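If you scroll down you'll find the structure; I have some questions about it.
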Amino acid sequence: MVLARGARPSVCYLVAGHNLLSTAGPTRNVLSLARALSAFADVTVAFRRALEPVIGEPFSVLEIDPLADDGHALDDAAVRGIGYREFAAYLRALDRFAHRHLTTFDLVLEKSWLLTGRATSWCVGHGIAAVPVVNLVPLVRRIRDRPIKAVNNWVASGLSGRYLRRAPRLIAETEDLKASIIQHWRVTPERIDVVGLGVNRAVFYPRDQAAARRARGIAADRTVLLYTGALDRAHDLRPVIAAVTRLGESPIELHLVGDGEQRGELERAAAGSPRVVFLGRVPYASVPELIACADLCLAPYDAAFFPRGQVGYSTLKVREYLAGGRAVATSSTGVLPGLISPGTTGFLLENDAATWTRFLLRELPGRGELRMMGLAAADTPLESWEDTARAYWRVCERVLARTDAMIA
């Protein structure tokens with residue numbers, strides 16, 4: 001591998017579709033990987049905007065569009081819902097950023113966004129090694145009730161396909177996602193490497209529930225169901241909310257950590273029930289303690305939101321729940337059956353109100369049994385972020401070597 005800029009490679013992890021917001025999953029994924037990748041290279045992460053400072057990390061942070069009028073500070077998806085004029089302005093800002101900054105790096109990782117592969121295509125055209133990191137394949141038919149948005153996404157998806165078919169290699173988070181990329185964008189399978197997410201066991205490990213509840217003011221006799229993450233269409237919480245609000249006398253409470261476009265609808269579905277507690281965004285450092293407060297952690301998905309009806313995410317929240325020593329109730333499609341041992345470390349459920357109602361009324365084990373399941377969950381074999389970084393770097397080395405050979 002020949003490096004023109006020094007013996008230690010420089011890498012930019014470009015996150016064009018998101019703001020840096022530590023309470024949101026995409027930010028946590030990127031920062032965790034950047035931290036681990038710093039063992040192999042000088043790493044810089046670039047978000048559209050940095051909505052909060054990042055201090056004491058081994059990587060640098062850049063803003064792609066620092067002068068943007070930020071109306072999306074509560075939404076980590078930086079390009080969600082913006083109009084044509086604003087999006088066109090952002091693309092110009094992204095092009096300026098590419099000319100000014102990307103030419104100074106040995107390699108660029110481009111995280112999924114509306115135009116996945118656009119930056120990679122630009123880099124390849126300028127002799128810069130680049131790898132798109134795909135964690136979502138769009139499903140346009142899910143928004144047929146919004147025809148303009150459907151057309152926009154259809155056009156964007158078509159452009160992404162053109163870009164990705166030109167990329168020397170791609171990284172997909174799961175085998176299910178790889179299959180969707182092959183089907184949707186017609187990328188040849190031999191150019192797709194599958195690398196999942198990691199988990200930080202120095203942060204997520206079994207903690208004392210009684211102490212965590214005292215710190216949070218949660219009654220010791222409650223059966224707490226916990227969800228952490230985006231309140232959006234992919235993570236469909238309406239069925240479990242409907243089930244919880246229908247319970248009679250019961251110690252069950254549902255605590256929801258996070259925010260998103262569906263929060264208003266979910267609050268209306270809860271109808272002010274004291275059993276459903278919306279905690280909003282919380283500092284990421286508080287998430288392990290909240291997991292410790294729980295008896296059962298939830299990760300419900302709407303499988304119809306995903307291509308082929310399979311949840312393709314690498315599901316960071318499920319990994320963090322398991323490492324935190326809590327049983328998990330989640331959906332029964334895609335990658336999830338490979339993470340959960342039903343009846344031992346969790347439950348695989350159809351995500352509808354009838355199934356959740358039956359589960360909560362008749363099948364939910366007692367808190368003591370859930371505690372034992374949590375101990376088993378903590379022993380689930382899970383990759384660390386260091387494992388993930390090593391796998392990423394093997395892909396990066398191949399792409400760097402290819403780029404060097406072409407330049408030579």
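The values are calculated or read from the model by the stated rules, or taken from the named source; none is laboratory data. Since this is a predicted model, take the numbers as computed values, not measurements. Please note that ligands, DNA and RNA were not included when accessible areas were found on the heavy atoms of the full protein model with its side chains. Shrake-Rupley method; radii C 1.70, N 1.55, O 1.52, S 1.80 Å.
Pull up all non-local amide H partners of His18: gap of 5 or more, or a different chain, and H-to-H distance under 5 Å with H placed in the peptide plane.
Long-range HN contacts for His18: Arg48, Ala78.
Follow-up. Stretched out fully, how many nm does the piece from Arg201 to His101 gain, at 0.36 nm a residue minus the Cα gap? The partial results should precede the final answer.
Values: separation 100, 0.36 × 100 = 36.00 nm, distance 3.42 nm.
Answer, rounded to one decimal: 32.6 nm.
Moving on. Return the sequence-ordered ³J(HN,Hα) values of segment 238-243 in whole Hz as given by the Karplus equation 6.51 cos²θ - 1.76 cosθ + 1.60 applied to θ = phi - 60°, using x for Gly and Pro.
Ordered by residue, 3J(HN,Hα) equals 4, x, 6, 5, 4, 5 Hz.
Averaging sequence separations of C-alpha pairs under 8 Å and six or more residues apart, then dividing by the length of the chain, give the relative contact order as a whole percent. The partial results should precede the final answer.
Values: 781 pairs, mean separation 67.9, N = 408.
Relative contact order for the chain comes out at 17 percent.
From Cα pairs below 8 angstrom and at least 6 apart in sequence, can you work out the relative contact order of segment 260-408, rounded to a whole percent? Present the calculation step by step, with values, prior to reporting the outcome.
Numbers: 138 pairs, mean separation 29.7, N = 149.
Relative contact order for segment 260-408 comes out at 20 percent.
Just the Cα atoms of segment 307-355: what Rg and Dmax do they give in Å?
My reading of the Cα-based Rg and Dmax gives 10.8, 31 Å.
Determine ³J(HN,Hα), in whole Hz, for all residues of segment 99-106 in sequence, where each value follows from phi through the Karplus function 6.51 cos²θ - 1.76 cosθ + 1.60 and θ = phi - 60°; x replaces Gly and Pro.
5, 7, 10, 5, 5, 8, 9, 6
Which option, [x] 62, 44, 33; [y] 71, 45, 39; [z] 63, 57, 41, is the value of Cα extents along the principal axes in Å that was calculated from these coordinates?
Evaluating Cα extents along the principal axes in Å on these atoms matches [y].
Hey, another quick one. Computing the accessible area with a 1.4 Å probe over protein heavy atoms, can you report the carbon and sulfur percentage for segment 250-408? Before the final figure, lay out the partial values.
Working: 3350 of 6290 Å².
Result for segment 250-408: 53 percent of the exposed heavy-atom area is carbon or sulfur.
What are the residues whose amide H is under 5 Å from the amide H of Thr223, where those residues sit 5 or more places off or on another chain and H is modelled from the backbone?
Result for Thr223 returns Ile252, Glu253.
Using only the alpha-carbon atoms, how far is helix 25-37 inclined from the longest principal axis of the chain? Give it as 0 to 90 degrees, nearest 10.
Orientation of helix 25-37: about 60 degrees from the principal axis.
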